[in-house]
Amino acid sequence: MASAKRVLAMSVLADLYYVGYGTEKDLEQSIRYYRKASRFQFAYAQYRAGAFYLSEEAYIDHKEGIKFLKKAARNGHTGSAFMLSVIYNTGKLADKDVAESDKWLAKALVGEHDAAQTYANYLYKSGQVDEDHYVKVNEFISELNLDTPENERNQTVLSNNLTDIQWPEQSEIEVIEVSAPSITAIFDYELNRLKKTAPATNLATGTRIPGRTCEKMLRCGHMDEFEFQKMGGSIISPHAKRHAGFVAN
């Protein structure tokens, strides 16, 4: 299927090679298939390729990683947009650029990305969002405030499904600096599935490698478009959809 240019098959192969399900772990093959699927504007594969270049020690290439995250974000992957906003705000993997951070964070907020909402809350409460800084985010928050009763304003800037983060505040005894989530914590949030290893199991694997199975990961069967979007959190572009070979319900 991957040889027939089915992007879903390419991405699944890349995932399997990455974690070593049903085969030996092979990062070279993994990134090869992520890149192949990315050529068809498949946001999920573009995000995975970007995360790969930012997290795998033997392949670290910040410029390449950011390039793939931007491609994924432009194709609707909100997690990639969020990661870009943090990268440009912290200046850890690229030069600090508030305008770029603002642009990508606003895109993630429009997509209702949970961690992006929490991050915007932090920026707002720490005074980094105003009419001159994080202009797009400020506009987004202002529009929300227009729909919020006055007595509820400033209590919760944005709603989110994550556990509310209690940012440190000034104390009468000592001053505690308010800091953003670390870049490591941000990547852990987005890459948690990438780092999982195969659980020990007695289930048949289809290979001679004991304990390796794709059952917990991809069900080893057909997957329709909606189900795959739930798994990857990505939006499939029309161009990619023509090559995906999704199974009809």
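Within the range 41-56, restricting attention to residues that are farther than 17 Å from ALA94 by Cα and assigned to a helix (DSSP H, G or I), the residue that is nearest to the chain's Cα centre (by Cα) is TYR47.
Considering ALA94, ALA99, the condition of being small (Gly, Ala, Ser), surrounded by fewer than 22 Cβ atoms within 10 Å (Cβ to Cβ) and at pLDDT 95 or above is satisfied by ALA99 alone. Among the numbered conditions (1) closer than 30 Å to LEU123 by Cα; (2) out of contact with any Lys or Arg (no Cβ under 9 Å at 6 or more places or on another chain), the only one that GLN46 does not meet is (2).
Only a single criterion out of (1) in the same structural domain as HIS113 (by TED's automatic domain parsing); (2) free of Cβ contacts under 8 Å to residues at least 12 places away in the same chain is not satisfied by VAL86, namely (2). For LYS36, the requirement of being more than 18 Å from ALA108 (Cα to Cα) and not in a helix (DSSP H, G or I) is not met.
Is one or more of the residues making up the range 147-157 at pLDDT 55 or above and basic (Lys, Arg)? No: zero hits. When the residues of the range 19-36 are filtered to those that are in contact (Cβ under 8 Å) with a residue 40 or more places away in the chain and touching a helix residue (DSSP H, G or I) at 6+ places or on another chain (Cβ under 9 Å), the one that is surrounded by the fewest Cβ atoms within 10 Å (Cβ to Cβ) is GLU24. Here the condition is being more than 21 Å from SER30 (Cβ to Cβ) and in contact (Cβ under 8 Å) with a residue 40 or more places away in the chain; of ASP114, ASP102, ASP95, it holds for ASP114 alone. Looking across GLY65, GLY79, GLY91, one residue alone is more than 24 Å from VAL12 (Cα to Cα) and not charged (D, E, K, R). It is GLY91. Would you confirm whether or not the range 114-126 contains a residue that is of a type in the set (S, T, N, Q) and within 22 Å of ASN75 (Cα to Cα)? There is at least one residue in the range 114-126 that is of a type in the set (S, T, N, Q) and within 22 Å of ASN75 (Cα to Cα).
The values are calculated or read from the model by the stated rules, or taken from the named source; none is laboratory data. The model shown is predicted, which means the values in this text are computed figures rather than measured ones. Using ideal geometry, Cβ is built from the backbone for each residue, glycine included, and neighbour counts are taken over all protein chains shown.
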